[in-house]
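What follows is one structure encoded as C-alpha cells, with my remarks underneath.
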Amino acid sequence: MEASNIDIKEKVPASRKLGESEARDLAKAASKLIVAKGKKLAEFPAGGGVSNEAISAMLGPTGNLRAPTLRVGKTLLVGFNEAAYQGVFG
C-alpha cells in the first residue's frame, strides 16, 4: 500500500479477530463486495441485503475475516488479488 502511495486511514492488528458480525457490518456499509481466494475472484452485491454466501466467502477456515480487507470508497475488497487491486486503484 505504501509503495503505491495509498493513504491508510485505519489498520487493525491481526491479534484483533473480526468474525461474522463484523464482516456483515462491513458488507452492509459497502455497495460492492469483491472477495479473492487465490486466483479466483467473486463479486457480490453488498448493502442491506448481503447474502449468507457473501459473508461465508469473506471468512476464512477459522471463522475470522480474511486478510487483507480494504474499504475503498464504497467498495470492499477481501483477500488479495493483484488484478482486483489494479481495478480499484488503477
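Do you know which residues across region 35-90 are of a type in the set (Val, Ile, Thr) and over 25 Å from Ser15 (Cα atoms)? Scanning region 35-90 gives Val50, Val88.
Restricting attention to region 46-57 and to residues that are in contact with a helix residue (DSSP H, G or I) (Cβ under 8 Å, 6 or more places away or on another chain) and modelled with pLDDT under 90, the residue that is surrounded by the most Cβ atoms within 10 Å (Cβ to Cβ) turns out to be Ala46. For region 41-64, the set of residues classified as more than 24 Å from Lys17 (Cβ to Cβ) and not in a loop (DSSP other than H, G, I, E, B) consists of Leu41, Glu43, Pro45, listed by residue number. The single residue among Ala23, Ala84, Ala36 that is in a helix (DSSP H, G or I), of a type outside the set (Asp, Glu), buried (at least 18 other Cβ atoms within 10 Å of the Cβ) and modelled with pLDDT of 90 or more turns out to be Ala23.
One residue stands out among those in region 1-20 that are outside any loop (DSSP other than H, G, I, E, B) and not small (Gly, Ala, Ser): the one that is modelled with the lowest pLDDT, which is Glu2.
The values are calculated or read from the model by the stated rules, or taken from the named source; none is laboratory data. Every value quoted in this text rests on a predicted model; they were computed, and no experiment measured them. Quick reminder, even Gly has a Cβ in these numbers, built from the backbone with ideal geometry, and neighbours come from all protein chains shown.
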